[in-house]
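Remarks on the structure that follows.
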Amino acid sequence: SRAVRLVRFSAVVRKAAGEDWHFLRVPQEASGQLPSRAMVSVVGSFGGAPFASTLIPDGEGGHWLRVKPEWLEAASAVV
């Protein structure tokens, strides 16, 4: 079985340049605690709202996450 690891972090949600979607970069310290530099499936909370998704490698040893509009809405986030 796989070990479950709790990794907490805060990040700034940004709008993709010239696009209509949002993302965040996982801080390097948090990304370094993940089991892989490749794609990583995660479950967590976004502003208190639960989610499941996949972190994408950023090519620099870290990860980023595409933020779904419903997560922003559930968290009452303004970006």
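Considering only residues that are touching a Leu at 6+ places or on another chain (Cβ under 7 Å) and under 14 Å from VAL12 (Cα atoms), which ones fall in the stretch 31-79?
HIS63, TRP64, LEU65, VAL67, VAL79
Starting from residues that are more than 10 Å from the chain's Cα centre (by Cα) and of a type in the set (A, V, I, L, M), keep the ones in the stretch 15-37 and report whichever is farthest from VAL67 (Cα to Cα).
Of everything passing the filter in the stretch 15-37, LEU34 is farthest from VAL67 (Cα to Cα).
Looking at VAL7, VAL12, VAL40 in this structure, which one is β-branched (Val, Ile, Thr), at pLDDT below 90 and either within 12 Å of the chain's Cα centre (by Cα) or within 14 Å of ALA77 (Cβ to Cβ) (or both)?
Numbers: VAL12 fails: at pLDDT below 90; VAL40 fails: at pLDDT below 90.
None of the other options fit; the residue is VAL7.
The values are calculated or read from the model by the stated rules, or taken from the named source; none is laboratory data. All figures in this text were calculated on a predicted structure; none of them were measured in a lab. Methodologically, a virtual Cβ is constructed for each residue, glycine included, from the backbone with ideal geometry; neighbour enumeration extends over all protein chains shown.
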